[in-house]
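Contents: one structure, followed by commentary.
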Protein chains: 4
Amino acid sequence: MVKCSIIGASGYTGAELANLVEQHPQMTLKAIYVSERSADADTELGTLHRRYLGQLNLPLTPLATADVAKAAEGVDLVFLATDHKVSVALAPGLLETGVTVMDLSGGFRFDTAAPYDQFYGFTHDSPEWLEQAVYGLAEWNAAEISHAQLVAVPGCYPTASLLALKPLQEAGLLKAETTPVINAVSGVSGAGRKASMVNSFCEVSYNPYGVLNHRHQPEIALHLGNSVIFTPHLGNFPRGIVATITAQLADGVTAAAIDQAYDHAYAGKPAVRLYNQLSPGHWPSIGGVANTPYCDIGWKADLESGHIVIGSAIDNLLKGAASQAIQCANIRFGLTNYPISKKAAL
Amino acid sequence: MVKCSIIGASGYTGAELANLVEQHPQMTLKAIYVSERSADADTELGTLHRRYLGQLNLPLTPLATADVAKAAEGVDLVFLATDHKVSVALAPGLLETGVTVMDLSGGFRFDTAAPYDQFYGFTHDSPEWLEQAVYGLAEWNAAEISHAQLVAVPGCYPTASLLALKPLQEAGLLKAETTPVINAVSGVSGAGRKASMVNSFCEVSYNPYGVLNHRHQPEIALHLGNSVIFTPHLGNFPRGIVATITAQLADGVTAAAIDQAYDHAYAGKPAVRLYNQLSPGHWPSIGGVANTPYCDIGWKADLESGHIVIGSAIDNLLKGAASQAIQCANIRFGLTNYPISKKAAL
Amino acid sequence: MVKCSIIGASGYTGAELANLVEQHPQMTLKAIYVSERSADADTELGTLHRRYLGQLNLPLTPLATADVAKAAEGVDLVFLATDHKVSVALAPGLLETGVTVMDLSGGFRFDTAAPYDQFYGFTHDSPEWLEQAVYGLAEWNAAEISHAQLVAVPGCYPTASLLALKPLQEAGLLKAETTPVINAVSGVSGAGRKASMVNSFCEVSYNPYGVLNHRHQPEIALHLGNSVIFTPHLGNFPRGIVATITAQLADGVTAAAIDQAYDHAYAGKPAVRLYNQLSPGHWPSIGGVANTPYCDIGWKADLESGHIVIGSAIDNLLKGAASQAIQCANIRFGLTNYPISKKAAL
Amino acid sequence: MVKCSIIGASGYTGAELANLVEQHPQMTLKAIYVSERSADADTELGTLHRRYLGQLNLPLTPLATADVAKAAEGVDLVFLATDHKVSVALAPGLLETGVTVMDLSGGFRFDTAAPYDQFYGFTHDSPEWLEQAVYGLAEWNAAEISHAQLVAVPGCYPTASLLALKPLQEAGLLKAETTPVINAVSGVSGAGRKASMVNSFCEVSYNPYGVLNHRHQPEIALHLGNSVIFTPHLGNFPRGIVATITAQLADGVTAAAIDQAYDHAYAGKPAVRLYNQLSPGHWPSIGGVANTPYCDIGWKADLESGHIVIGSAIDNLLKGAASQAIQCANIRFGLTNYPISKKAAL
């Protein structure tokens, strides 16, 4: 049994993560923490997220930044489900104890400090850990994840976007010097658990936001190895992301080559479901992925004009956060692939 | 043209009211006000409620309590779309100028001060105006409204409940010494325009609240003249209320007597639509009333056991607030019955 | 391992059931069937319900009524997730083979045939099985369920209503000769998986239906042992039920007596969560139970007037159907209490 | 008063149109028709669309194709809110009577017959009327609309897309030989009023559909004068469209030039609201346009890389259908610009 603790468990992602760890046949959840200033301190997690009432009974233990090493005591793995700046502040103190850290924030997803000044509005003071952190895109970086001490679990939009584009990019099927266009919509939980007018029920409808300056655009570009235009939208549903991607194909690319690229990338990787194989005629949807650990991908090309449109869907709280963190932990500690294979776990 | 101003126009009700006044063929909107401490001061209303962008261009003028009489200058009618305590603080200063006031809060809906201590948590300091205020249930109190200086526009739940129950109560069709049971659900706009966890998109689902101690229970009981059990629910939709009411009938009541009671109450009153006449086989619904000024009522009785179930639906922001205030103003100033009759208004 | 088959697996309830059986550590799903006339015949279940794509890969085998005994071959337990009339037609042929049957329809929930003529519109031709069938309200009828051959799994509305009312009724806390009033709202999946105008996205809002003649009213009354007024509502959400119940208490009932009645009924029964203990100050909600196997119950009384209001919430597809069927199967075959205790199952 | 009739008034668009005509200060609604085979024949419109109960009391008169000229008797203008093939079958018989026809279907939106074989699956048998029909994009084609006998009111997606792109295209600001990418989401009412699994409440979530072969792609391309990649999505809301468009700018284009292009196109055209002027910092949204006759447009450019992202929102049933048809009728008959200017109408 891998012993785990979670810092920042009061949010939507943290609660999902606590639930997955609790149910994982090879993990034990030892403690969950919140900031010592949090109004949720000492509350049982199930009381905050009543879906888990009577089931997730650990209290949210208040934790001061100075005492962060306590969260590493007696555990093999600490999950950080904290804000970017908090993760950057806490991670070094944890890592020094030798514990493995999975960070679900954006705090370690870049390999240099510069993007933090530009896109996150703070100066990153642990550039040495930026170098060591492994980007936890589970289907692509398993070898590195398997011996990483610090894994930067990818953002929700980047997960949906990269899993759709990387097979084509890596296989050389995209036209050189063109820029894929990514339009994506996220459920409101993507904005976190907090009171705000923007997330208020009567104010949410559907609209673009963060146009041409969202911090996930450089994250996608870096890990894809290509520029992208990324436009996020707020959707009127609680959870899930659909990314619709339009790209130009290199000359002469065939449908068979595209299929082969996806097969090659995801054969034996059951968290990615290829719709053109499994459910031809349908497209990935929020309904198909909400409350699941899957990334669903479908595509269609106009070979004459050389355009491809790819649909990619995930649950932002699971494959876009908590279940991808579990996938990384499974790889790191050699565990069964729960939650994909529930009975195989036995 | 009746000249109007609105205090508290930044909220959902205030914006609906401003729109109705702007479109009313016999009204002119002279000014709209917010608290001098409001973050929305000096903003154009259409920028806050972008449905009205380019259409409601008046700025939200900041108004100090001490200067409230300014809101009465040059107008015939002031609408108060403010919080209960604010209305109680502002109304006397307005009324002293001789202007007519329509208050959409709960500040003047009781005829004595005692309920304010018990249900609103503050001591009412204008008991003389409680006596003079007329309860603005338009279909029932037109005679008094027609010469009132202060109208207390009913609450949203009370409007839906009273319009459904009063015809039976007044006709003596309810069993003596029994207590009708009112279950009602409201859209989230009923909680007002503000950031809060309870109104946060991901937290809203459907649940009862305020059980056995909601302030609308005594308001309904007072104006019905009977005790009631009132249980409100929060629904996952932006606007609208459905009240489902179960009551016991007096011995020997017939279906014809019930029909006659409703006909008698609402013949010639087009804001109430009787489904058993207009659309037999259907029941009032949120979809039928959202964005309309109507109250829809349907009923079915089990004459053997002597039970009746009544369904009553309104838009909480319109018939439950803004359009009922307009109805009262129409009665008070002898105007056409806009917004029910749009062309007749010409 | 208990070997199972499911007839009628194409609907929403059937799919949930298939998923639970697949994940149950002590069950094996051998086959799933649909009517031989179904358009879904030979389709893989995961293709219909793409949430389960790649996970529920059994094809929907077409089954003729005459061949129903085939569904019992090689299995210990057959679940019927079929329409009422279909269940009545199929069950006898299955039971004759000696197999155990869990029927999720209303086909065997009454103990006499008369209600079928009155409320279901057909004449029940297996009155002998009506007598033998056990009503599968798991928390109340475990002793009988443990050796039943035919279990009639309760309806969704009756489950929410009976679990809330029976503790009071059995403890003699309800006032004699009064009729509890049950108002309940169900998500749209309660109407089944089919194309209809009523279930069409743009037509669904929130409204009462089936007033004073819904077939669940006599089902609740029979198994409660008291008359009830039951008014169902259609809600604008996919799954979940909240029942709000208003009843009169017997003279002198105390809050402690009510708490004791609920404790007595549900101590050691983890599928029922008592909010007054676990989460005081909150009320059961759709968000708290959707996608869970729980029934959440909260209450508040006005001891002066002798009224109690009880809130009760379930997922209509789980505790109101599929997971309650699994609970019954666990009792019948002596299995672990999956899906409540996921790890305990190991 | 312009006398009007509507054929196909039972659908969502038809009902909106009937309501607008009824409220128009210079129009009279003489009759509404449905197919003689429709189940809605002889029903009052308000009974089908209960929002309008008691308000739209005309019955849906059954009309045989052979008798279509009857719909032109005594009226100046016939609106066709019928299916594409039905419009093509009915329009010639109406036009021969000399009446003016506004067709809300796709039946006359192309100038040649070929696209009907390819994209609509039928052979168009009135090519002479395709030549004469004017495309009713009100802000762009007013001169031609003002003396047209047949107006082809644009599709909902094309309206949102063309109003956003044409100012740039006409001003020469788009890079030559590049293809704008249009991603758009529509509310479910866009699929019409009918029972289907796809529109069923529990099946609707959010997903792309019709990828690279939707009939609105060639409609947009034709009336823009440029190729486009158009990907529609189904959204989980009843009404409204948001189109997000990514395009490449010609070399050296400045922000001022873009602003000037939009100002030039829409100055004095109040149905288009330019967010960069009216509400800087916000983006067009469903909430901002639902139940309104507006098209809201906002944009942001990355002048360094030469990309522009434009957001464009409309109500698919109003500016995407019914209110645009009214705009065309206002232009054709020289009427006031209701429903934009409500009081100006007086």
Of the numbered conditions (1) part of a loop (DSSP other than H, G, I, E, B); (2) over 25 Å from B:GLY136 (Cα atoms), B:GLN277 fails exactly one; give the number of that condition. (1)
Show the residue pairs meeting these rules: Cβ distance below 7 Å; 6+ apart or different chains; first residue within segment C:124-136 and among the aromatic types (Phe, Trp, Tyr); second residue in a strand (DSSP E or B). C:TRP129/C:LEU150; C:TYR135/C:ALA152
Taking segment A:2-30, which residues are in contact with a Pro (Cβ under 9 Å, 6 or more places away or on another chain), more than 26 Å from B:VAL204 (Cβ to Cβ) and either open to solvent by 10 Å² or more (accessible area, probe 1.4 Å) or not in a loop (DSSP other than H, G, I, E, B) (or both)? A:GLN23
Identify, please: which residue in segment A:98-138 is in contact with a strand residue (DSSP E or B) (Cβ under 9 Å, 6 or more places away or on another chain) and among the β-branched types (Val, Ile, Thr) and is, among those, farthest from A:LYS70 (Cα to Cα)? A:VAL134
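Please enumerate the residues belonging to segment B:295-307 that are of a type in the set (A, V, I, L, M) and either without any contact (Cβ under 8 Å) to a residue 24 or more places away in the chain or within 9 Å of chain C (Cβ to nearest Cβ) (or both).
Result: B:ALA301, single match.
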From B:ILE297, B:ILE308, residue being touching an Asp or Glu at 6+ places or on another chain (Cβ under 9 Å), in the same structural domain as B:ILE241 (by TED's automatic domain parsing) and either crowded, with 21+ Cβ neighbours inside 10 Å or modelled with pLDDT of 95 or more (or both): B:ILE308
Could you pull out the residue among C:ASP251, C:ASP263 that is in a helix (DSSP H, G or I) and within 24 Å of C:GLY172 (Cα to Cα)? C:ASP263
Among the candidates C:ALA290, C:ALA313, C:ALA325, C:ALA329, single out the residue that is surrounded by 24 or more Cβ atoms within 10 Å (Cβ to Cβ), over 29 Å from B:GLU177 (Cβ atoms) and within 8 Å of chain B (Cβ to nearest Cβ). C:ALA313
Quick check, is A:ILE258 among the hydrophobic types (A, V, I, L, M, F, W, C), within 11 Å of chain D (Cβ to nearest Cβ) and touching a residue at least 60 places away in the same chain (Cβ under 8 Å)? no
Out of all the residues in segment C:266-285, is one or more free of Cβ contacts under 8 Å to residues at least 24 places away in the same chain and within 10 Å of chain B (Cβ to nearest Cβ)? yes
Identify the residue in segment C:239-255 that is more than 9 Å from every other protein chain (Cβ to nearest Cβ) and of a type in the set (A, V, I, L, M, F, W, C) and, among all such residues, is surrounded by the fewest Cβ atoms within 10 Å (Cβ to Cβ). C:ALA255
Just for segment D:215-238: of the residues that are open to solvent by 60 Å² or more (accessible area, probe 1.4 Å) and part of a loop (DSSP other than H, G, I, E, B), which one is farthest from the other protein chains (Cβ to nearest Cβ)? D:ARG215
Condition set surrounded by fewer than 21 Cβ atoms within 10 Å (Cβ to Cβ) and within 10 Å of chain A (Cβ to nearest Cβ), scope segment C:32-47, selection farthest from A:SER312 (Cα to Cα): answer is C:GLU44
Note on A:PRO180: of the conditions (1) facing another protein chain (nearest Cβ under 10 Å); (2) surrounded by 24 or more Cβ atoms within 10 Å (Cβ to Cβ); (3) over 23 Å from D:ILE310 (Cβ atoms), unmet is (3)
Out of C:ALA18, C:ALA81, C:ALA89, I need the residue that is within 14 Å of another protein chain (Cβ to nearest Cβ) and at pLDDT 95 or above. Which one? C:ALA18
Looking only at segment C:184-209, filter to residues that are of a type in the set (Ser, Thr, Tyr) and facing chain B (nearest Cβ under 9 Å); which one of those is most open to solvent (accessible area, probe 1.4 Å)? C:TYR209
Could you tell me which of the residues C:LEU163, C:LEU168, C:LEU212 is open to solvent by 20 Å² or more (accessible area, probe 1.4 Å) and assigned by TED's automatic domain parsing to the domain that holds C:SER285? C:LEU212
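The values are calculated or read from the model by the stated rules, or taken from the named source; none is laboratory data. If you're wondering where the values come from, they're calculated on a predicted model, not measured in any experiment. So basically every Cβ, Gly included, is an ideal-geometry build from the backbone, and we count neighbours across all protein chains shown. Calculation scope for accessible area: heavy atoms of the full protein, side chains included, ligands and nucleic acids excluded. Shrake-Rupley method; radii C 1.70, N 1.55, O 1.52, S 1.80 Å.
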